[in-house]
Amino acid sequence: MDIGSPFAEILIVLAAYLVGGIPFGWLIAKVFKGTDLRTVGSGGTGATNCSRLWQGAPSVGIFLFAFALDFGKGLFGALVSLDMAAWIGSRMGSSTDELTLQTVCGLAAILGHMFTPYLRFKGGKGVATAFGVVTALAPLSALWGFGAWGLLVGLTKYMSLGSMGAMVAIPVHHWAWRGEDAWKTYLAVSLFLVTSAVVVVWRHRGNIVRILAGSERRVGEVDQKL
């Protein structure tokens, strides 16, 4: 089904970017700790760096809360965009298919999180938001990714390694599940999954260096700099 005119689609993608840019982790840290996340820890504004301001059980709760909010941004980008497109498209004409629009809006939400316009384009690494988008576009692959994340974090205690491993596992599962259709019917989704994995790994390049050097912070360790 075709929905939206070019102008309408630009508005919808922009809306997804602006919603994706809401820095929930930064807001939580600012409200409850009076801290600018950009100045502590990894400097990221996502759930992991935010949770490091707390210790023990509260840090887990804060992580899950911030992760859920960032996850919701991705879900919004990929799902609510269709409702917006249907409403705007009914008034402005049609040109783009649903799946392509979902994918582009999902990517816009992730970029919004990574480069939020509200904090001078300084954001997080995009993992939680990417998971939200993947859940909307390829739910079974998202479950596979969550499993890979849990396994890697459980074995290594490196949150960053789990995040990277999960994002790589998702397109691998998608290809194995969809077969040839992955590059035909689901081409837009396949390209999105590959792009997301590459971008997330690239955003973790500093973590990779620290893991190899043995200086990466493990889950449960207290960062003395905080």
For helices (runs of 4 or more DSSP H) lying entirely in segment 1-107, having 1 or more residues that are out of contact with any His (no Cβ under 8 Å at 6 or more places or on another chain), modelled with pLDDT under 90 and within 27 Å of residue 150 (Cβ to Cβ) picks out 47-51, 57-75
Residues in segment 100-156 that are within 25 Å of residue 43 (Cβ to Cβ) and free of Cβ contacts under 8 Å to residues at least 24 places away in the same chain total 4
Selection from segment 54-70 of residues crowded, with 21+ Cβ neighbours inside 10 Å and under 30 Å from residue 103 (Cβ atoms) yields 63, 66, 67, 70
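The values are calculated or read from the model by the stated rules, or taken from the named source; none is laboratory data. Owing to the predicted nature of the structure, the values given are computational and were not obtained by experimental measurement. Counting neighbours? That spans all protein chains shown, and the Cβs are built from the backbone with ideal geometry, glycine included.
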